[in-house]
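Structure first, commentary second.
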Amino acid sequence: MASHDPRAASRRGTLLRTAVSAFARAVSFIGVAVMGLMVLHITVDVVARYFFHLSLPGTIAFVSNYYMVAATFLPLVIAEQMRQHIEVEVVAQKLPEALQCALRMLAWLIAVGVFVLLGWESSHEALRAWRTQMFIVEYGVRIDTWISYFMLPVGFFAAALVAASRIVIALLHRGGFTRKVRYAAAFYGEEGKLDA
């Protein structure tokens, strides 16, 4: 039997926010670290090319197969957490608040579905790349590319986790439907203070 203790629901919500935020920070840290490595790698390649007439083998392969993939797909979790995806509210802002909240909940459900579907399909592609040990050869150097295929499902599933956590928070929070959805929308702090 579920507890209706508001403090217990608040603790579960805080635990969920902490877990999801920690996971999002870890994934985004990896994305930022990879971007830093990309800048360093390209800088070393440019310096070596222009001052020493040497070219680092694998620069183009690493940039296109690792760095850019990580910079594109790992930050999806942060974009979802901060609600920075494109939203068009031309019609929705004119609707009653209860209907706006219902549309927001529907959007979260669709986001979860789309992210899970993309994560599922990209994980199959990543496993196929791993089984075949995909690689490319650049300047006579073999560079395994199968590893980068796993960044896509990580990014998609992480974004799905954030969208799903909003739905769970809306269901756990006390109050009426609009209050629950407003609370879940502001849960990660992107819309100011939460109304308890």
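Residues in the range 49-60 that are assigned to a helix (DSSP H, G or I) and modelled with pLDDT under 90: 2 in all. Would you mind finding the one in G31, G113 that is modelled with pLDDT under 85 and touching a helix residue (DSSP H, G or I) at 6+ places or on another chain (Cβ under 9 Å)? Exactly one of G31, G113 is modelled with pLDDT under 85 and touching a helix residue (DSSP H, G or I) at 6+ places or on another chain (Cβ under 9 Å), namely G31. Please verify whether V88 is more than 30 Å from I143 (Cβ to Cβ) and modelled with pLDDT under 90, treating the condition exactly as stated. Judged against the criteria, V88 is a match.
Take the conditions (1) modelled with pLDDT under 90; (2) more than 15 Å from the chain's Cα centre (by Cα); (3) of a type in the set (D, E, K, R); R166 misses just one of them, which is (2).
Restricting the search to the range 116-142, which residues are hydrophobic (A, V, I, L, M, F, W, C) and in contact with a helix residue (DSSP H, G or I) (Cβ under 8 Å, 6 or more places away or on another chain)?
The initial filter retains those residues of the range 116-142 that are hydrophobic (A, V, I, L, M, F, W, C), namely 116-118, 120, 126-127, 129-130, 134-137, 141.
Across the range 116-142, the qualifying residues are V116, L118, W120, A126, A129, W130, M134, F135, I136.
The residues of the range 67-126 that are surrounded by fewer than 19 Cβ atoms within 10 Å (Cβ to Cβ), in a helix (DSSP H, G or I) and among the acidic types (D, E), listed by number, are E97, E121, E125. Of the residues making up the range 113-167, those that are of a type in the set (F, W, Y), in contact with a Phe, Trp or Tyr (Cβ under 6 Å, 6 or more places away or on another chain) and over 27 Å from T18 (Cα atoms) are W130, W146.
The values are calculated or read from the model by the stated rules, or taken from the named source; none is laboratory data. It should be emphasised that the depicted structure is a prediction, and the values quoted were computed from it without experimental measurement. When we count neighbours, we look across all protein chains shown, and the Cβ atoms used for this are built from the backbone with ideal geometry, even at glycine.
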